[in-house]
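Contents: one structure, followed by commentary.
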Amino acid sequence: MLSERINRIQPSPTLAISAKSKAMRAAGEDVISFDVGEPDFDTPLHIKEACIKALQDGDTKYTAAAGTPALREAICRKMQRENKLPFAPDQIVVSCGGKHSLYNIFQSILNAGDEVIIPAPYWVSYPDQVLLADGVPVILHAGQEQDFKITAQQLDDCLTSHSRVKAVVINSPSNPTGAVYSPDALKELCAVLENYPNVLVISDEVYEHMVLAPNEQWSVARYSEDFARRTVLVHSFSKTYSMTGWRLGWTSSSKELAGAMSKIQSQSTSNPTSFAQAGGVAALDGPLDEAMFSEFEKRGKVIRELLNDVPGFECARPEGAFYAFPQVSGLFGVMVEKDTQLNTAAQLADYLLRVAKVAIVPGEGFGAPDHVRFSYANSMSNIKEGINRILRVLPE
Ligand SMILES: Cc1ncc(COP(=O)(O)O)c(C=O)c1O
């Protein structure tokens, strides 16, 4: 009954694990969650108030498919102010979250068999969204030994050996690794891409404000006018403004690509929710929550130290987002309980959830089976208690 296309993809493994930990909590169990990819801060009040006012004023109807003019203009102001990139409203498409934006991109640019280079570890949805658009994910491995960043040489080799590459995905700061490419490292990748003028860059910058000093956020779109044209930037309200449930994100791209994505929305979702978009305007025109960003910075430092004290864990320094991504293969082969051997990250995550009541995401879904992901969007005391619980149930 179902299409061949739908059988190509898996349900999101991160959403699956959070469903499991939520169910345990609902059943009264005291689970510490390191699995959720969302800030543990509430949406700021001025944003909620703008949304409530929009509802009260009757802003409850369909909007333009690509988003309200007011929101697209606010986005252009933000892109100029913060990202130093000039865009016109007809280059902006507002969608139901960055995930939806990415879906629209792949649907708009891929023909059957077209390839998309995806550095691994990757955010879970990229490969499956490419597959849903009849494309072919080309995975380029960048492990902990190379700070989870692809090199210019790797990119060049990959482009040379694949003839149908349509786009390359760059996600900095990264989910799941927390890695941030330096401006120089990105410029080296751009220099390679200059020899491949037809390859688009999909720059996922949803964690742009969560960068731990001394790292710096930069975008390939700033490399040259050519790169400004052939990069599609993906942004989201979810992380920057703690608005995950609002489902609001956007793309900034060429007019041609924006038109294509708007056409898809006009035939699928129609538009993002009208009053959520009003909240979006208030978010962009209001202040950034610097206190939240500096709290993430503190936690990033603490969690790395604590994780490196866990026998068998080896954790690189998170550089951004709110994820730590330790290598845990040092534990593979270890016996726990009477007769359970830990052989995979998935088994470790399962064991820790069941016995320590600590929820983490195994690395398999991120293309990194030797790792697990800890989201530190959790209080400092929960971080400490959660890692203590892990220490108590693992052999020394
Ligand atoms: C790297 C990355 N891109 C995009 C998204 C999409 O976020 P949203 O759809 O909530 O805007 C996420 C969410 O976890 C993410 O981690």
Practice task
Return a yes/no flag: does segment 117-131 have any residue that is touching a Lys or Arg at 6+ places or on another chain (Cβ under 8 Å), in contact (Cβ under 8 Å) with a residue 24 or more places away in the chain and away from the ligand (no atom under 16 Å from the Cβ).
Solution key: yes
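Could you tell me whether any residue of segment 55-65 is among the β-branched types (Val, Ile, Thr) and closer than 20 Å to residue 208 by Cβ?
Initially, segment 55-65 is screened for residues among the β-branched types (Val, Ile, Thr), giving 60, 63.
From what is left, the residues that are closer than 20 Å to residue 208 by Cβ are none.
No, there is no match, as no residue in segment 55-65 is among the β-branched types (Val, Ile, Thr) and closer than 20 Å to residue 208 by Cβ.
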Exercise for the section: Enumerate the pairs (first residue in segment 247-268 and in contact (Cβ under 8 Å) with a residue 24 or more places away in the chain; second residue anywhere and open to solvent by 80 Å² or more (accessible area, probe 1.4 Å) and part of a helix (DSSP H, G or I)) with beta-carbon separation below 7 Å, excluding pairs fewer than 6 apart on the same chain, so at least 6 apart or on different chains. Expected result: 254/229
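Out of the residues in segment 171-222 meeting the condition of being assigned to a strand (DSSP E or B) and among the polar types (S, T, N, Q), tell me which one is farthest from the chain's Cα centre (by Cα). Give the derivation first.
Going residue by residue through segment 171-222, those that are assigned to a strand (DSSP E or B) are 171, 200-204, 211.
Subsequent filtering for residues that are among the polar types (S, T, N, Q) retains 171, 203.
On the way: 171: 7, 203: 11 Å.
The residue in question is 203.
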Handout entry: Filter pass, residue 225 being farther than 25 Å from residue 104 by Cα, away from the ligand (no atom under 16 Å from the Cβ), surrounded by fewer than 22 Cβ atoms within 10 Å (Cβ to Cβ) and free of Cβ contacts under 8 Å to residues at least 40 places away in the same chain
Key = no
Exercise for the section: Kindly establish whether residue 4 is assigned to a loop (DSSP other than H, G, I, E, B), within 16 Å of the ligand (Cβ to nearest atom), of a type in the set (D, E, K, R) and closer than 30 Å to residue 133 by Cα. Expected result: no
Fill in the blank from the handout: Heads up, the helices (runs of 4 or more DSSP H) in segment 290-396 (entirely inside) with at least 3 residues that are at negative phi and among the small types (Gly, Ala, Ser) are 290-308, 345-351
Problem - Residues satisfying the stated conditions in segment 200-217, i.e. within 15 Å of residue 231 (Cβ to Cβ) and either surrounded by fewer than 19 Cβ atoms within 10 Å (Cβ to Cβ) or touching an Asp or Glu at 6+ places or on another chain (Cβ under 9 Å) (or both) - result: 208, 217
Practice task
Please enumerate the residues belonging to segment 356-368 that are more than 29 Å from residue 298 (Cβ to Cβ) and modelled with pLDDT of 95 or more.
Solution key: 367
Handout entry: From 268, 262, residue being among the polar types (S, T, N, Q), away from the ligand (no atom under 12 Å from the Cβ), open to solvent by 10 Å² or more (accessible area, probe 1.4 Å) and assigned to a helix (DSSP H, G or I)
Key = 262
Fill in the blank from the handout: Here the residues within segment 149-167 that are open to solvent by less than 20 Å² (accessible area, probe 1.4 Å) and touching a Pro at 6+ places or on another chain (Cβ under 8 Å) are 150
Exercise for the section: Find the residue count for segment 301-347, including only residues that are surrounded by fewer than 22 Cβ atoms within 10 Å (Cβ to Cβ), out of contact with any helix residue (DSSP H, G or I) (no Cβ under 7 Å at 6 or more places or on another chain), under 21 Å from residue 377 (Cα atoms) and not polar (S, T, N, Q). Expected result: 4
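The values are calculated or read from the model by the stated rules, or taken from the named source; none is laboratory data. Since this is a predicted model, take the numbers as computed values, not measurements. When we count neighbours, we look across all protein chains shown, and the Cβ atoms used for this are built from the backbone with ideal geometry, even at glycine. Side chains are part of the model used for accessible areas, which takes the heavy atoms of the whole protein and leaves out ligands, DNA and RNA. Shrake-Rupley method; radii C 1.70, N 1.55, O 1.52, S 1.80 Å.
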